[in-house]
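Below you'll find the structure, written out as structure tokens, and then a few comments.
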Amino acid sequence: MVSRGSSYPESRCEGRFFGRRVNCEQVPLLPARVVAWMLDDPRTIPYLLIWKSLSDGTVKEAARIAPYYEAAGRGGPDWTGAFEIKRHDGTEDFIRTLLRMLPRNRGRVRLLICPHCSIPRRGLYGWEPSGRFTNSIVRSTWGCRKCNLLRYASEGGALLIRPRGTLSLVFGTGHSLRPESWLPCVFTSPEEAAEAGVL
Ligand SMILES: [Zn+2]
């Protein structure tokens, strides 16, 4: 599915998710650079992506990405490739990519075009806030941080550190490092994944 309709982003801004607080660092990230490796791989093979729980190591999300040749020539003049992303439950999305030149001849970077807002992004997220609690999340179609209504952990002062005593005199009030994004393990075959013990 390439688009959920032009009214989609607006329809989510009507307050249905008001007050929800889910940080993007808690949600599987599909980084544009992993898609770039796959699309640039001369073997033109699918890659398997596995997101493991950072706390207990169990597999929380899995997807297979592969080049999508049928889309060749169908997009606008500024996009250069598309891929399909399939989950183990059979759901499938087609996502376009864009090669952008970096300034001062520093090469090119591949970006993923968010299917909802059509803005080129460095990564897309596979879950969105929904469900019973303000911090509960459900599997969704892949979208950018904004369209999937996620925020950075540092927004709202969640990571503010207030050292006490002497330390505060030396360092003042600071912010801890931003949590890492939840990146996938990347495999180029199911056998490779099985060897690594994730399947
Ligand atoms: Zn978007």
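The values are calculated or read from the model by the stated rules, or taken from the named source; none is laboratory data. All figures in this text were calculated on a predicted structure; none of them were measured in a lab. Counting neighbours? That spans all protein chains shown, and the Cβs are built from the backbone with ideal geometry, glycine included. Accessible surface areas use protein heavy atoms only, side chains included; no ligands, DNA or RNA. Shrake-Rupley method; radii C 1.70, N 1.55, O 1.52, S 1.80 Å.
With K and R counted +1 and D and E -1, the other residues having a Cβ less than 13 Å from that of residue 184 yield a net charge of +3.
Around residue 127, with a cut-off of 10 angstrom between Cβ atoms, what is the net charge of the other residues, counting Lys and Arg +1 and Asp and Glu -1? Numbers along the way, then the final one.
Working: positive: 60, 139; negative: 61, 128.
So the environment of residue 127 carries a net charge of 0.
Once all protein chains are placed together, residue 88 keeps about 130 Å² accessible to a 1.4 angstrom probe.
Summing +1 for each Lys or Arg and -1 for each Asp or Glu among the other residues whose beta-carbon sits under 9 angstrom from that of residue 32 gives +4. Which cross-chain or sequence-distant (5 or more) residues have an amide H under 5 Å from the amide H of residue 152, H modelled 1.01 Å from N in plane? Amide H neighbours of residue 152, under 5 Å, 5+ apart: 24.
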